[in-house]
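Heads up: the structure comes next, in structure tokens.
The numbers here are math on the coordinates, done by the rules we state, and not lab data. A quick note: this is a predicted structure, and the numbers were derived from the prediction, not measured. Cβ atoms come from the backbone with ideal geometry, glycine included; neighbour counts cover every protein chain shown.
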Amino acid sequence: MLIEFRNLEERDPKRLPRVIQVIHHLLRNQFLHVDDRGSPGMMETLLRPDIEKLVASYFEVAGYRLVVREIEGWAGILPDTEVITGPRMRMDETLVLLLMRRLWGEGDLGKYGNMLTTLNEAYDAYQDMVGGARRPALGIVDFRNLVQSLERRAIVRLGEYDDEARDMPLTIRALVDTVSGLQHLTHVEQLLSGADFQSADEEPSDENEDDVE
């Protein structure tokens, strides 16, 4: 592997730093999307067949597989579950991810398979999802924080806060369909049938504000 990088440096010294930038970005964020700042150049680098093969080999050694979806505008690394165990997600993280997948599947898709909604609309859908649960629902701020954690991985994108609407545009990307596969759907069904999510007779917790603050 080191030989391949050394050969690239000798063959095309200006390209090696770009390859390192792509690898560093994927190690830190797992995914990149061409709509994000700085990502179009990284995607252009990665789309060269020789570079894609080199980067894929690099991550394969670490137990990950490289996925490139040019038509959807993204690339990323996914754990090879036959080699390593992927990171476990908290219950609330899983629910928010699956909510994003559901909203994406129900919406009208635009360029790169993006679906446009708003943070408040997504939060309303989240409250419907967990309505009647024994487990208290997230407040709007905690919900937004989880959405922002998905944004750091390029799965969604939040726009600027609108003072008048007290809301934020939310773009859900086609990438969500890949990261919320069948194993996640099975997991969330188990969560929703568990004791924490069975309907209870207790009084509901204090209502959360409906608008972003």
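Treating the beta-carbon of each Lys and Arg as +1 and of each Asp and Glu as -1, no other charges, what is the dipole magnitude of the stretch 2-79 about its Cα centre, to the nearest 20 debye?
Working: 11 positive and 12 negative charges, 33 e Å.
For this selection, approximately 160 debye.
Can you work out the FRET efficiency for the pair R11 and D177, with r the C-beta to C-beta distance and R0 = 30 Å, to the nearest 0.05? E(calc), rounded to 0.05, equals 0.20.
Set the Förster distance to 25 Å, then compute FRET efficiency between L116 and R166 from the Cβ-Cβ distance, nearest 0.05. Write out the running numbers ahead of the final one.
Numbers: r = 18 Å, r/R0 = 0.71.
About 0.90, to the nearest 0.05.
How about the stretch 106-165: which chymotrypsin sites (Phe, Trp or Tyr not before Pro) there lie in a loop by DSSP and see at most 15 other Cβ atoms within 10 Å? Can you show the working numbers first?
On the way: sites: Y112, Y123, Y126, F143, Y161; in loops: Y161.
Of the chymotrypsin sites (Phe, Trp or Tyr not before Pro), the ones in loops of the stretch 106-165 whose Cβ has at most 15 other Cβ atoms within 10 Å are Y161.
Looking at the square roots a ≥ b ≥ c of the eigenvalues of the Cα gyration tensor of the stretch 69-173, which shape do they give, rounded for a/c under 1.5, prolate if a/b is larger than b/c, or oblate? It comes out oblate by the Cα gyration axes.
Around Q148, under 13 Å between beta carbons, what's the net of Lys plus Arg minus Asp minus Glu among the other residues? Before the final figure, lay out each step's value.
Numbers: positive: R144, R152, R153, R157; negative: E93, D142, E151.
Here the count lands on +1.
The residues packed around M43, meaning those with a beta-carbon under 12 Å from its beta-carbon, carry a net charge of -3 if Lys and Arg are +1 and Asp and Glu are -1.
For G63, neighbours were defined as the other residues whose beta-carbon sits under 12 Å from its Cβ, and their charges (Lys and Arg +1, Asp and Glu -1) total -2.
Going by a ≥ b ≥ c, the root eigenvalues of the Cα gyration tensor, does the stretch 1-111 fall in the rounded group (a/c under 1.5), the prolate group (a/b larger than b/c) or the oblate group? Oblate, because a/c is 1.5 or more while a/b does not exceed b/c. Between Q148 and D124, the simple spin-label model (points 7 angstrom out along Cα→Cβ) gives 2.4 nm.
Proximity of backbone amide H atoms, modeled 1.01 Å from N, is registered between Y64 and D80 at under 5 Å, excluding neighbours fewer than 5 places apart on the same chain.
List the relative contact order of the stretch 2-79 as a percent without decimals, with contacts defined as Cα pairs under 8 Å and 6+ residues apart.
Rounded, it is 27 percent for the stretch 2-79.
Just check the stretch 59-131 against the gyration tensor rule for me: Cα atoms, a ≥ b ≥ c as the square roots of the eigenvalues, rounded for a/c under 1.5, and otherwise prolate or oblate depending on whether a/b exceeds b/c. Taking the square roots of the gyration eigenvalues as a ≥ b ≥ c, the stretch 59-131 is oblate.
Sorted on the mean count of surrounding Cβ atoms within 10 Å across their residues, most packed first, peptides 55-62, 163-170, 18-25 read 18-25, 55-62, 163-170.
Of the trypsin sites (Lys or Arg not before Pro) in the stretch 39-94, which ones lie in a loop per DSSP and count no more than 12 other C-beta atoms within 10 Å?
Details: sites: K53, R65, R69, R88, R90; in loops: R88, R90.
Listed in order of number, the matching sites are R88, R90.
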